[in-house]
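Read through the structure below, which is laid out as structure tokens, and then see the notes.
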Amino acid sequence: MFSSLKKKLQNIRTKFTSNIEEVVGAEVDPPEAEALPAPSGVEDDFAVERSSPAPPPPGEREEPTFINKVKVLIRDRELLLEAKDIEEPLFELEMVLLENDVALPVTDEIIARMRGDLVGRHKKIGSSVDKLVESTLRSALCGVLGDGLDLPAYIRESERPVKILFTGVNGTGKTTTVAKVGHYLQENGFSVVIGAGDTFRAGAIEQIATHADRLGIKVIQHQAGADPSAVLFDAVQYAKAHDIDVVLADTAGRFHNRANLMNQLEKIRRVMKPDLVVYVDEAVAGNDAVIRADEFNRAVGTDAVVLTKADMDPKGGAAISIAHTVGKPILFLGTGQGYDDILPFEPRVVVDELLGGEA
Ligand SMILES: Nc1nc2c(ncn2[C@@H]2O[C@H](COP(=O)(O)OP(=O)(O)OP(=O)(O)O)[C@@H](O)[C@H]2O)c(=O)[nH]1
Ligand SMILES: [Mg+2]
């Protein structure tokens, strides 16, 4: 997952580190720096205190008085960094993010956060310069990734049955995701019923029924060509009658600009009254997925996003950009074709993956 971006971020970190260490020059000899006490936790390594006014918002020019300087205290020594010392790696980082399909506004935000974090604050660091760079990059990435959505917690707090409608364009993994989420919820102690709401594509009802059968989940289905609203209404009625916790509704693939299919979706919404409308797209689609998610959200509204096929995505751009662009949390990443290949989205986990060990 995200192997290309991971490798490039590793190179960028090295670049930042060597640029900063160059400024330190002979003052800090590496063996001494390495001998510093091990950190207890990344965030706790830094005693951060503002020494100047807050950095200007992204896109605005910095005040000359702001001097674009940062003091980094390495042990008891102070290191004075000028903006030019980090401009080059910042530019390279910008290029790497764009090449890996991170949306432009999100790239700008990450760069602004990095610059803002390095400039204008006293940082007392108890470990290496690389830790400083990693921590800065980590918080910039976390800043754009949003908070995710804890589905089991959401269900526990909601009135039952919780109704979840899965939608999105063709072939992105909606049906597989419905099956995986059903399995995930069962493992978390919830009872589930699936509504076979794709009555349009040949073989779709059989596909979801086969998944449900394998997982031991009840599926409510009508004949091919039936009104999907009626199927999903029945699924909700079944859940109410049998005290089922969650209704998962599969639907046919559709594009936001196909009026008849969007009207059908609108009718489904009116009849089924979903608690969550989940937009499903594939991470491998990169920027296209981000644009489509945004368009879908504008057209019919979206509460959360699932990004499938993250296992096949070396870039990670969609995963980094989509929540920030659409303004809705990522619920899960799909990481393979098995029922267990689903990862509840936690920004920390994704950033760990990106900044973790060797690519
Ligand atoms: N590698 C990988 N493949 C996936 C993942 N999720 C789904 N797929 C595969 O993607 C293909 C399409 O999945 P479906 O679930 O049928 O997609 P869909 O969105 O329901 O398709 P339509 O109903 O035709 O719109 C299948 O071969 C799935 O096995 C994933 O996370 N990783
Ligand atoms: Mg399907």
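Scaled to the globular estimate 2.2 N^0.38 Å, the Cα spread of the stretch 239-329, given as radius of gyration, is 1.18. Taken along its three principal axes, the alpha carbon spread of the stretch 283-330 comes to 29, 17, 15 Å, from the longest extent down to the shortest. For the stretch 151-355, the relative contact order comes to 24 percent (Cα pairs under 8 Å, sequence separation of at least 6).
Ignoring solvent entirely, what values of log10 I(q)/I(0) come out of the Debye formula for the stretch 151-355 at 0.14 Å⁻¹ when each Cα is a single scatterer? With one equal scatterer per Cα and no solvent, log10 I(q)/I(0) is -0.76.
The distance between label points at S158 and S3 comes to 3.7 nm (points 7 Å beyond Cα on the Cα→Cβ vector). May I ask you to derive the FRET efficiency for E187 and R258 from their Cβ-Cβ distance with R0 = 45 Å, giving the value to the nearest 0.05? E between E187 and R258, to the nearest 0.05, is 0.80. Rounded to the nearest 0.05, the FRET efficiency derived from the C-beta distance between T210 and E92 at R0 = 56 Å is 0.70. Pairs from the list K174/K273; K15/K309; K218/K273; K174/K315 with a Cα-Cα gap above 27 Å: K15/K309.
Scoring 331-339, 146-154 by mean Cβ neighbours within 10 Å over their residues and listing the highest first yields 331-339, 146-154. Could you compute the net charge surrounding V306? Neighbours are other residues with a C-beta less than 15 Å from the C-beta of V306; K and R count +1, D and E count -1. Every neighbour counted, the sum reads -4. Computed over protein heavy atoms with a 1.4 Å probe, the carbon and sulfur contribution to the accessible area of the stretch 195-275 reaches 49%.
The values are calculated or read from the model by the stated rules, or taken from the named source; none is laboratory data. All of these numbers come straight from a predicted model, not from anything done at the bench. In this analysis, Cβ positions are derived from the backbone assuming ideal geometry, glycine residues included, and neighbour counts consider all displayed protein chains. For the accessible areas, the whole protein counts, side chains as well, though only heavy atoms, and no ligand, DNA or RNA atoms are used. Shrake-Rupley method; radii C 1.70, N 1.55, O 1.52, S 1.80 Å.
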